[in-house]
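The values are calculated or read from the model by the stated rules, or taken from the named source; none is laboratory data. Quick caveat: nothing in here was measured; it's all calculated off a predicted structure. Reconstructed Cβ throughout: ideal geometry from the backbone, glycine too, with neighbour counts over all protein chains shown. Please note that ligands, DNA and RNA were not included when accessible areas were found on the heavy atoms of the full protein model with its side chains. Shrake-Rupley method; radii C 1.70, N 1.55, O 1.52, S 1.80 Å.
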Amino acid sequence: MLNRRSVLATGALAAIPLAAPVGALAQGRKDAVVLAMTLEPPGLDPTAGAASAIAEIVQYNVFETLTKINADGSVTPLLAESWEVSPDLKTYTFKLRRGVKFQNGEPFNAAAVKFSYDRAGGEKSTNKDKRTFANLTTQVVDEHTLVVLNKDIDPDLLFALGQATSIIVEPKSADTNATKPVGTGPYQLGAWNKGSSVVLTAWDGFRTPGAAKIRRATFRFISDPAAQVAALLAGDVDLFPRVTPRSVAQFKANPRFQLLVCGSRAKTILAINNAKKPLDDVRVRRAIAAAIDRKAVIEGAGDGYGAPIGSHYVPGAFGYVDTTGVNPFDIEKSKKLLAEAGVKTPLELTLTLPPTPYARQGGEVIVAQLAKVGIVAKTQNVEWAQWLSGTYGNKNYDLTLISHVEPFDLGNFAKPDYYWGYQSAKFNDLYNQIKNAARPQDRARLLGDAQKLLAEDAVHAFLYQPQWITVANKNLKGLWKDMPVFVNDLSALSWS
């Protein structure tokens, strides 16, 4: 097993009807499971959209990747049987698994991998990790051998190739994967009832017969916190990863359930549109950060389940440094910074809130805190599709409360067109150095420098690292205890 540190060292890394009586539980069928999610994905192709809810359904279930990210953050082979890395840490030679087919009968081979990576980095790509793939050149050696050349040294590449944006797609079906996903995984799409649920069924053509003990998995979409709790208590849902933390008290002592507090690599932030006036002034952004009491936000948004962060990086990650002291909670300092920037209060800003409970709950705390320094934050509640198109896509916002869940996403700050509007030649240079640092100690130092720069620039009001709460029927086995990536690995689940 290849864990995160060895990779670095070697360079080789809506409410649902609650009509079912308790006696008619899904777990009555030992080959079926009902999961719940807060958000419904806009489509089922993770290469075409940024929503993490896509991967929650399809990653490792319908679609597969060359490598697999495990609950502990380690990377192991999946569609690749093995790999070798060149001494300069830029050339990867992958030996691919034999006897694998796509769900439409087409063979999985090196040509399919080349197509997938070239497409992901191509001019017309909408892949959110397009930049990563644009740096890759692929060469087919034979049907089961592929060479990947990277322009940069990237110790995280093997991890990146296990994420949802790196799925291997079948060329003939690639353009319709959003509604008719075709992969190599153990499950296929059974039904998608828009606004309600997605059903995955075990694929009988999978290379390892009987690997999937769960034959049918239904994903239900429940955004309302009260409805989440009610669905679990009624037995309509067997498993709810990342359920609202406010449910904990009702399940902790209930013998019917198991409750897991899961670690994460997510960063919950008050994202600031750096391209808008007066938010393009670092003093204004620092004033916003100084107005916010992170501990109060953690209590309000996450019911206490989280750790404060001062930059876009979390405790436990390689190279982490504590930057919470760079922009501490200080109301008087906040007022002074606004005055220095020539801002006349009240300053009216719009706070866009997606439908997730942490955002709606945390938004109330943020509004109250900003009001104390003369910033009037007018909340605008939007649905997830609206957030993706308006806030993320069109950059139409002042402030927004959002959790970025990707483990290694510092590179977003180097993207000139990213929705934050942050432009920094100094950060871009630092990030290039990080990508090309071969020695772990150099990389750790540079990562620390990058975190400090983002904190000093107050790109956002960095809030907290959330802990996810998973509630499940006590007889369900194979749950992930920690979640370095947002997936629900159905093949790991079974009933006792």
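Assign one of three labels to segment 345-484, namely rounded, prolate or oblate, based on the Cα gyration tensor with a ≥ b ≥ c the square roots of its eigenvalues; rounded applies when a/c is under 1.5, prolate when it is not and a/b is larger than b/c, and oblate otherwise. Taking the square roots of the gyration eigenvalues as a ≥ b ≥ c, segment 345-484 is oblate. Classify segment 166-221: rounded, prolate or oblate, from the alpha-carbon gyration tensor (a ≥ b ≥ c, eigenvalue square roots; a/c under 1.5 rounded; otherwise prolate if a/b is larger than b/c)? Oblate is the answer for segment 166-221, as a/c is 1.5 or above yet b/c matches or exceeds a/b. Packing, as the average of other Cβ atoms within 10 Å across residues, places the peptides 52-63, 367-378 in the order 52-63, 367-378, highest first. Each peptide among 34-42, 80-88 gets the average number of other Cβ atoms lying within 10 Å of its residues, and from highest to lowest they stand as 34-42, 80-88.
The 3J(HN,Hα) values that the Karplus relation (6.51, -1.76, 1.60; θ = phi - 60°) gives for segment 233-249 are, in residue order, 5, 6, x, 6, 10, 8, 8, 10, x, 6, 6, 4, x, 5, 8, 3, 4 Hz. Gly and Pro appear as x. Take the solvent-accessible surface of the protein heavy atoms, probe 1.4 Å, and return the percent of it on the chain that carbon and sulfur atoms account for. Here carbon and sulfur together make up 51 percent of the probe-accessible area.
Dividing the helix sum by the residues of the chain, where each DSSP H run of 4 or more adds -39500 (n - 2.57), gives a mean residue ellipticity at 222 nm of -7000 deg cm²/dmol. Partners of K474 within straight-line reach, counting aspartates and glutamates whose Cα lies under 16 Å from its Cα and excluding those fewer than 8 residues away in the same chain: D31, D236, D238. Using θ = phi - 60° in the Karplus curve 6.51 cos²θ - 1.76 cosθ + 1.60, the 3J(HN,Hα) couplings for segment 138-144 round to 10, 9, 7, 8, 8, 4, 10 Hz; x is entered for Gly and Pro. By its C-alpha gyration tensor, with a ≥ b ≥ c as the square roots of the eigenvalues, how is segment 278-421 shaped: rounded for a/c under 1.5, else prolate for a/b larger than b/c, else oblate? Verdict is rounded for segment 278-421. Remark: the E340-K477 segment gains 43.6 nm on full extension, using 0.36 nm per residue and subtracting the alpha carbon distance. This model, with +1 at the C-beta of Lys and Arg and -1 at the C-beta of Asp and Glu, gives the chain a dipole about its Cα centre of some 520 debye.
Trypsin sites (Lys or Arg not before Pro) within segment 76-175: which are DSSP loop residues with at most 14 other Cβ atoms inside 10 Å? Sparse-neighbourhood loop trypsin sites (Lys or Arg not before Pro): R98, K124, K151, K172. Pairs from the list K114/K194; K114/K481; K68/K90; K277/K378; K213/K481; K128/K435 with a Cα-Cα gap above 26 Å: K114/K194; K114/K481.
Each residue of segment 270-277 was assigned a 3J(HN,Hα) from its phi angle through the Karplus expression (A = 6.51, B = -1.76, C = 1.60, θ = phi - 60°), giving 8, 6, 10, 6, 5, 8, 9, 7 Hz with x at Gly and Pro.
Let's test the formula: R0 of 22 Å, r as the Cβ-Cβ distance of K124 and T91. What FRET efficiency results, to the nearest 0.05? Once the sixth-power term is evaluated, E becomes 0.25. In the set (1) 29.2, 103; (2) 22.7, 68; (3) 22.9, 76, the label that goes with Rg and Dmax of the Cα atoms in Å computed for this structure is (2).
Based on protein heavy atoms only, the chain ends up with 39 Å² per residue of surface accessible to a 1.4 Å probe.
Summarising the strand pairing of the chain, around 75 percent of its internal DSSP beta bridges are antiparallel.
Label positions at R215 and D280, each projected 7 Å from the Cα along the C-beta direction, are separated by 6.2 nm.
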